[in-house]
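Reviewing the structure listed below.
Bear in mind these aren't lab numbers, they're just calculated from the coordinates by the rules spelled out. All values derive from a computational prediction rather than experimental measurement. Reconstructed Cβ throughout: ideal geometry from the backbone, glycine too, with neighbour counts over all protein chains shown.
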Amino acid sequence: MGNHFRTSGAGDEAPKTQPSVAGSRFATPDSEDQLFSPIPAQPADQAQPAADPFAYNPNNDVALSGTAGFEPVQTVTARVAQPQMSAATPQPTMAGIPDPLAPAAPAPQPAQSGLFAGIPDPTQPAAPVVERDQAAEVASLDSALNNPDFTSVFAPIDPQASRKKMAKQAGVEPVILMEHVTKIYPAQPNKPALDDINIEIYPGEFVFLVGHSGSGKTTLLSTLNRDVKPTSGRILVAGQDLMKIKNRKVPFLRRQIGAVFQDFKLLPQKTAYENVAFALQCIGKPKGVIRSQVPEVLRLVGLADQMDSLPDQLSGGEQQRVAVARAMVNRPPLLICDEPTGNLDPAISLGIMKLLERINRTGTTVIVATHDREMVDSMHRRVIALEGGHVIRDQERGGYGNYGTN
């Protein structure tokens, strides 16, 4: 085999060819510090040994390299006599013993008959009833949820994993830290709206805030974006101490927080496109960024065909989707929702909550204050329960609990 590389000091001499080693799979190294010495070739006049049955024979089944200029790789195949089995030969079977390699057959489902026929399974959540006039809106929302572009660039999150536990193990600081937070309104000095609240919420969590009306849910959410300043205590949001932050820096803090309200809070004289674009205009985004991001986020929430519609031309569910698009257009790390489905029918509420869940899967921390018992029980996320301004329950994968809905 010719040597394609010239060594130092070789000059114009012809390259030397290493002698072939019989039965070797690997080429002999040319360096002097080789670990194994090559087997010397036998002289031509030495008597040849008897024919080796395992020696290389071109007539045998040997794997040869198909490239010219390279030594063939010799592979010795030990042939073991196998009994010839024809299609007519009966195969040995073991009666009563299942084949471990065969896939297990699904267990038969008991059929409901007699008195139990037509009774729904109590372990399965009941599907919301969709009226005829809601079918089109539900269909458009489902198409938005099935959009593969929504979370295609994000890795799926294990639904069984606890984000709080994972963050603590990784040493991640909480995105929201409330320590001994108390808020007393002057009109009710003997009844604190918040009384010694201690909460830690970590990046990527989805948290439900539940409780009676007047339990302090809205006040707690208002303290997170500095709409309300607590009477005492300590609040850290994304590393910012809200008790010490200067008023001129509050707008910069709110740029990192998206908000969705029960009454939508849309500008009535602006179209859906203009309502979403207004959120970017307030923070000084260039017009080119606005023209590219606003249609994209409206398409993600299923309102690509309603961009030029005014709020009074949209249904309640569509207005709430505009509010969600406005809240997420700046891709905030924290999304706060105060009763986002309070004015919506159950079928539309389910789609809005799934939309918030999809946003959470992109890495946004989502906090939802709600009275929707069925939604909380079906999603099995972290639940923080308030009563009389106190945190009475903080449960991973919890349910709504024994609370009223008014």
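List of remarks:
- Condition check for residue 311: surrounded by fewer than 16 Cβ atoms within 10 Å (Cβ to Cβ), under 20 Å from residue 340 (Cα atoms), in contact with a Leu (Cβ under 8 Å, 6 or more places away or on another chain) and not charged (D, E, K, R): no
- Only residues that are of a type in the set (Ser, Thr, Tyr) and either within 15 Å of residue 259 (Cα to Cα) or part of a strand (DSSP E or B) (or both) were counted in region 196-225, giving 4.
- Residue 258 meets each of the listed conditions (1) within 30 Å of residue 371 (Cα to Cα); (2) small (Gly, Ala, Ser); (3) in a loop (DSSP other than H, G, I, E, B) apart from (3).
- Of the residues making up region 361-405, just one is closer than 23 Å to residue 329 by Cβ, polar (S, T, N, Q) and surrounded by fewer than 20 Cβ atoms within 10 Å (Cβ to Cβ), namely 362.
- Residue 167 falls short on exactly one of the conditions (1) farther than 23 Å from residue 370 by Cβ; (2) surrounded by fewer than 18 Cβ atoms within 10 Å (Cβ to Cβ), and that condition is (2).
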